[in-house]
Amino acid sequence: MIPSEGWDHHLWFDETDLPWVSPSPNIPDLETAIIYPGMCLIEGTNISEGRGTPNPFKWIGAPWIDGQNLSQTLNKFNLPGVVFVPVSFTPVPIPGKSVNPKFENQECSGVEVRIIDRNEYRSVDTGVKTLFALFKIAPEKFEFQENHLNRLWGSNELYIALKNGTLPQSKIY
C-alpha cells in the first residue's frame, strides 16, 4: 500500500479507523491534543496546567484566581470555537502522569477550556490570549518562568510582548 493511499488531510483523527495512541501520559484523548499546542504555554508560568487532574490542559488555575472573573474575561475575547467555564480542582500526584503537580493538594480555581467547534478553534491564539488575560488579572501574583516560556514559544518574543502588555505581532499564531 502507498503510504498516502486512503489518507485525507482534512480528516480529524477520530474520523479515521485508526486506534488512538496517547502521544503523552497527559494527552489522553483527541480533544486534549487539540487544546495542547496553545495551552502548553501555561507550563511556562506559575499557573497549574491541570496536571494531576483528570483533565490536564483542559483545566487551568491557581489558588488565588477567581475562575468566574477569568472565564468572563476570556469569553469577552470571542475566540472562535471555544468557551471558558469556571472550574475548581485540586491537583494530586498521579503515578506515571504527574509526580509533583503545581499546587499539589491545594484547591485551585480557574477555567475549563471547552471546544465547541474544533474546525474553528485556534489553539495557539487561545493559549496566547489566556496568558495575556492571566497576567492582566493578577500581575502581582502571576509569574513567568521566562526560560521555559521562551523554550515553548521558540523565542523571547511572546515573553517581551506580554511583559509590555501587548500581544505579539508574530505571524505564527
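Each value in this text was obtained by applying a stated rule to the coordinates, not by laboratory testing. Please read these numbers as outputs of a predicted model, since none were measured by experiment. FYI the Cβ positions are ideal-geometry reconstructions off the backbone, even for glycines, and counts take in every protein chain you see.
Please compute the length gained on full extension between Glu143 and Val124, using 0.36 nm multiplied by the number of residues separating them and subtracting their Cα-Cα distance.
The span from Glu143 to Val124 would gain 4.9 nm if fully extended.
Using the C-alpha gyration tensor of region 37-83, what are the square roots of 5 times its eigenvalues, in whole angstrom, with the largest one first?
18, 14, 10
Counting Lys and Arg as +1 and Asp and Glu as -1, what is the net charge of the other residues whose Cβ lies under 10 Å from the Cβ of Ile115?
Spelling it out: positives minus negatives among the neighbours equals 0.
Considering Cα pairs under 8 angstrom that are at least six residues apart, work out the relative contact order of the chain and quote it in whole percent.
23 percent
In Å, what is the Rg of the alpha-carbon atoms in region 102-157, and how long is Dmax?
13.6, 36
In percent, how large is the relative contact order of region 97-173, given Cα pairs closer than 8 Å and 6 or more residues apart?
This gives 24 percent for region 97-173.
Would you count, across region 27-173, every pair of lysines whose alpha carbons are under 29 angstrom apart, provided the pair is eight or more residues apart or spans two chains?
27
Around Leu30, under 15 Å between beta carbons, what's the net of Lys plus Arg minus Asp minus Glu among the other residues?
-3
Which angle between 0 and 90 degrees, to the nearest 10, do you get for helix 123-137 versus the longest principal axis of the chain when only C-alpha atoms count?
For helix 123-137, the angle is close to 10 degrees.
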